[in-house]
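Encoded as structure tokens, the structure appears first; notes follow it.
The values are calculated or read from the model by the stated rules, or taken from the named source; none is laboratory data. It should be emphasised that the depicted structure is a prediction, and the values quoted were computed from it without experimental measurement. Glycine gets a Cβ as well: all are built from the backbone with ideal geometry, and neighbour counts include every protein chain shown. Quick note on the areas: whole protein, heavy atoms, side chains included, nothing else; ligands and nucleic acids left out. Shrake-Rupley method; radii C 1.70, N 1.55, O 1.52, S 1.80 Å.
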Amino acid sequence: MHKLILLLLGTLSFGISLSEVREVYPKAQESPEITETLFSTLSNLKDTDNHILLAYKGAVHTLKAKHSKGIKIKKEFFKDGVALLETALKASPDNVEIHFVRLTVQENAPKIVRYNQQIEADKNFILKKYRTIKDQELKSMIKKYCINSTLFSQTEKQLF
């Protein structure tokens, strides 16, 4: 874990690659330290930069909400994260990775925030586009997540 955090810290001044974010993002779900490091690393990313990284930045904001204390701070981080994620999706509506990132946020969002209206749409979009994904790293990440997700039926999981 420390090695992973050091790797991320080393990229702070040079930026972070999409591949590195894909590797670390799933681990941030349960790690406040990794979440904080990703949050710092992606903080300078602007809305006009890489839309996929912007989606991950939004997702990391929602994880920051999860790991924060205090309702007001949690609400602010979550709201900001959703806004970033939706901005990324609006800029690249046909990007399967952005739909995937939004799905991961929606599945893990507390019910009270009511950020789950697009679960079925994102799930169906991923199922429809999965076979067309050429990036094997992305395809593998989506497969691993979806097979372990409660959102997908056993029949749907076999499509991966």
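Observations on the structure shown:
- Among (1) at pLDDT below 95; (2) under 25 Å from N148 (Cβ atoms); (3) open to solvent by 70 Å² or more (accessible area, probe 1.4 Å) - the single one T48 does not satisfy: (2)
- Residues in the range 145-158 that are in contact (Cβ under 8 Å) with a residue 24 or more places away in the chain and open to solvent by 80 Å² or more (accessible area, probe 1.4 Å): T150 alone.
- Residue count for the range 145-160 under the criterion of being in contact with a helix residue (DSSP H, G or I) (Cβ under 8 Å, 6 or more places away or on another chain) and outside any loop (DSSP other than H, G, I, E, B): the result is 5.
- Among the candidates K129, K90, residue that is among the basic types (K, R) and more than 24 Å from F39 (Cβ to Cβ): K129
- Scanning the range 89-136 for residues that are farther than 12 Å from I52 by Cβ, modelled with pLDDT of 95 or more, within 15 Å of the chain's Cα centre (by Cα) and not β-branched (V, I, T) returns L103, Q106, E107, Q118, D122, K123.
- Residue selection: E107 fails the criterion of being crowded, with 22+ Cβ neighbours inside 10 Å and among the charged types (D, E, K, R).
- Considering the range 64-75, the residues that are open to solvent by 10 Å² or more (accessible area, probe 1.4 Å) and within 17 Å of E33 (Cβ to Cβ) include one that is farthest from the chain's Cα centre (by Cα), namely K69.
- Any hit, the range 110-122, residues being assigned to a helix (DSSP H, G or I), open to solvent by less than 20 Å² (accessible area, probe 1.4 Å), closer than 18 Å to T62 by Cβ and not polar (S, T, N, Q): yes
- Members of the range 93-120 that are touching a residue at least 12 places away in the same chain (Cβ under 8 Å) and among the acidic types (D, E): E97, E107
- Any hit, the range 131-139, residues being among the basic types (K, R) and in a loop (DSSP other than H, G, I, E, B): yes
- Listed by first and then second residue, the pairs linking a residue in the range 81-92 that is more than 13 Å from V60 (Cβ to Cβ) to a residue that is charged (D, E, K, R), with Cβ atoms under 9 Å apart and 6 or more places separating them unless they lie on different chains, are E86/R102; T87/D47; L89/R102; A91/D47.
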